[in-house]
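Asks: The structure follows.
Coordinate-derived values only; no laboratory data. Note that this is a predicted model, so its numbers are computed, not measured. We place every Cβ from the backbone using ideal geometry, glycine too, and count neighbours over all the protein chains shown.
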Amino acid sequence: LLQKEPLVTGYWHGKAVGIVELLTLPPEVHTTSIRSLLSVSNANVYSLLSHSLQILNSRREHAFCGCCGHEKNVKVGEWVMVCPECSHHAYPRISPCVIVLVTKGDEMLLVRHHRHGKQSTMHTLVAGFIEPGESAETAVHREVFEETGLTLGRLRYCFSQSWPFPHALMMGFHAEYESGELVLEEEELCFGGWFHRDAPPDLPPKFTIARKLVDLFI
């Protein structure tokens, strides 16, 4: 059963595609997680999925006006919700983040997060949200220092990735270690260490920006 009308969010080979919320599923239908689906998608399908998920999330977040509380309407032709009472416009939120591979010669800094669970062996990169008034470069320096106690030298921007969990735009960097001893921010990280480029540990899936940044180095 449909919870809402299907939402057309793009086109694939000339045909409309979109997303829909369901109240129930037939018992014979199998489901998969969004992360699993993204992991097996090519770049075009990934982009369509990411876009659709974020539009759907925006419709939920902005169903009511944050200024006056009135129910908002969809504006035809734009991804915006408009309040008919006070005319406030709410566009889909995009949260800018940085993620960085820190290198020291042939070694790279990898960390493990508490949120992945103590049993997880997956190593990933330092990352965090850009704060108001910051540049992406300033955020890289701040996040690395806050989470590891290290200071950085030269930065190099590599590429970005839309990350629909729920609405992040990840900007990926390579950075050269400059100074400091590794001191972890223990509330967020449970491990951090240097690994030679020829002997990496368990890494994130290949579709993630973290893995792409590592693969560019090794």
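Asks: When the helices in the chain are scored as -39500 (n - 2.57) per DSSP H run of 4 or longer and the sum is shared across all residues, what 222 nm value do you end up with, to the nearest 500 deg cm²/dmol?
Replies: Values: 4 runs with 47 residues, N = 218.
Here the helix-only value at 222 nm equals -6500 deg cm²/dmol.
Asks: OK, next. With the chain treated as a Gaussian network of Cα nodes joined by springs under 10 Å, which of His113, His88, His123 yields the largest mean-square fluctuation?
Replies: In this elastic network of the chain, the residue with the biggest mean-square fluctuation among His113, His88, His123 is His88.
Asks: If you place +1 on the Cβ of every Lys and Arg, -1 on the Cβ of every Asp and Glu, and leave all else neutral, what size is the dipole of the chain about its Cα centre, to the nearest 20 Debye?
Replies: Computed charge dipole of the chain: roughly 820 debye.
Asks: Taking the radius of gyration and the Kirkwood hydrodynamic radius from Cα positions alone, what is the Rg/Rh ratio for the stretch 95-217, to two decimal places?
Replies: 0.92
Asks: Just to be sure I follow: if Rg is taken over the C-alpha atoms of the stretch 63-132 and Rh is the Kirkwood radius over the same atoms, what is Rg/Rh?
Replies: Over the Cα atoms of the stretch 63-132, Rg/Rh equals 1.28.
Asks: Also, I was wondering about something else. In degrees, nearest 10, range 0 to 90: what is the angle between the Cα axis of helix 43-61 and the longest Cα principal axis of the chain?
Replies: 60
Asks: Sorted from fewest to most neighbouring beta carbons within 10 Å, what does the list Ile94, Ile130, Ile218, Ile99 look like? The partial results should precede the final answer.
Replies: On the way: Ile94 11, Ile130 20, Ile218 14, Ile99 25.
The fewest-first ordering by Cβ neighbours comes to Ile94, Ile218, Ile130, Ile99.
Asks: Further, regarding this structure: For the chain, what is the convex hull volume of its Cα atoms per residue in Å³? All intermediate terms of the calculation are to be shown ahead of the outcome.
Replies: Values: hull volume 38.0 nm³, N = 218.
So the per-residue Cα hull volume is 174 Å³.
Asks: Further question on the same structure: Could you tell me the relative contact order of the chain? Use alpha-carbon pairs under 8 Å, at least six residues apart, and round to a whole percent.
Replies: On the way: 372 pairs, mean separation 39.3, N = 218.
In percent, rounded to a whole number, it is 18.
Asks: Once each part is reduced to its C-alpha centroid, what is the distance from the stretch 59-102 to the stretch 111-180 in angstrom?
Replies: So the two Cα centres are separated by 27 Å.
Asks: Then there's this: Any idea what angle helix 136-148 forms with the longest principal axis of the chain, computed on alpha-carbon atoms, 0 to 90 degrees, nearest 10?
Replies: 60
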